[in-house]
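Rule-based calculations on the coordinates, nothing more; no lab input. These numbers were taken from a predicted model, which means no experiment stands behind them. Using ideal geometry, Cβ is built from the backbone for each residue, glycine included, and neighbour counts are taken over all protein chains shown.
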Amino acid sequence: MQPRVTSVGLLIKPNPADSFEYPHHIDRASLDALPSRPGIYIFRDDKDRPLYIGKSINIRTRVLSHLRTPEEARMLQQSSYIEFRRTAGDIGALLLESRLIKELQPLHNKKLRRTREMCTLRLGPSIKSIPEIVYARDHDFARTADLYGLFATRRAAQDKLREIVEMQMLCPALTGLETAVHGRACFARQISRCLGACIGAEPMQEHYRRLKVALNDMRILVWPYEGAMGIVEECDGWKQTHVVDHWSYLGSIDHAPGTPPVKRAAKRAFDVDTYKILVKPMLRGELRIEAVDI
């Protein structure tokens, strides 16, 4: 559609939506069925394989935006129909999206597709403690205190620690970034970038305090309950309770007759994506949390 000029000289630009056509190879019925409500959606190919999983507080609007995005042409060309699953809110959509991406391994969700082996920094209670890098396979992040930061690689953890040490003028030797030699100043002290805890110019207790304060913004919150809790969301009179235990999403209760109960898991592993979804709104008091019996 070309721009046109009205009789009074106003230029009217075409609205892309006016000339939009649904891709003919994508099942129209599956598009027409999309609700304007929260949930997840799955682009599938003609063999029912999942291509892409996304979430939105308005499934219909979000899916239609995909259809108008040239950068996603390859995914759209492979798509045959769109499946959706409703949730009662955004938290439920985020949790379900994260779980399904790990379970179904869709081709175009590269960022969240793998279950990540995370590491973190641990700082002991002694003023002589040196930050060490520990892994989720060896430590339960949901139950272990004094853990700081979530990192995909050991190098990322070391780089973050180095950044903190440099910014706060901490001692590289006393934080494990440089080999300590008794009685000798670290290199940073020699160029006036360390306050001198390595040679006694700064008390060890004060150095430890400053290190802990610097790390505190990255502290991993220990699961604050004895067991599983439910995060409640409601939409159009429909209530869902998302069951989470030690930062592991176990499933959602739909509070409808015939809904199967959430199964008790033998082992609940700390899930980094569940943690990132929930920790900030939990600390801000934005979540409706209730006890559950599973």
From the backbone phi of segment 145-154, what are the Karplus-calculated ³J(HN,Hα) couplings (6.51 cos²θ - 1.76 cosθ + 1.60, θ = phi - 60°) in whole Hz, Gly and Pro given as x? 7, 6, 10, 9, x, 10, 10, 7, 9, 4
Which of the following values of Cα extents along the principal axes in Å was calculated from the structure shown: (i) 59, 54, 47; (ii) 63, 48, 43; (iii) 82, 60, 39? (iii)
Here are some pairs, Lys102/Lys128; Lys212/Lys276; Lys128/Lys160; Lys239/Lys280; which of them have Cα atoms lying more than 31 Å apart in this structure? Lys102/Lys128
Rounded to 0.05, the calculated FRET efficiency for the beta carbons of Lys102 and Arg28 at R₀ = 41 Å is 0.85
What is the gain in length, in nm to one decimal, between Thr61 and Ala180 on full extension, counting 0.36 nm per residue of separation less the C-alpha to C-alpha distance? 37.0 nm
Consider a paramagnetic label point 7 Å from the Cα of Ile199 along Cα→Cβ; state which residues of segment 152-185 have an amide N under 16 Å from it. 170-174, 180-185
Whole-Hz couplings from phi, Karplus 6.51/-1.76/1.60, listed for segment 66-77; x for Gly and Pro: 4, 5, 9, 9, x, 5, 9, 4, 5, 5, 5, 5
Figure the gain on full extension for Lys128 and Ser36 (residue separation times 0.36 nm, minus the Cα-Cα span) and round it to one decimal in nm. 27.4 nm
Length gain on complete extension for the stretch Val222 to Arg288, per 0.36 nm per residue less the alpha carbon to alpha carbon distance? 21.9 nm
Could you identify which residue out of Ile57, Ile164, Ile42 has the top mean-square fluctuation in a GNM of the chain using Cα springs shorter than 10 Å? Ile164
Taking the Cβ-Cβ separation of Glu206 and Lys111 as r and a Förster radius of 30 Å, what is the calculated FRET efficiency to the nearest 0.05? 0.15
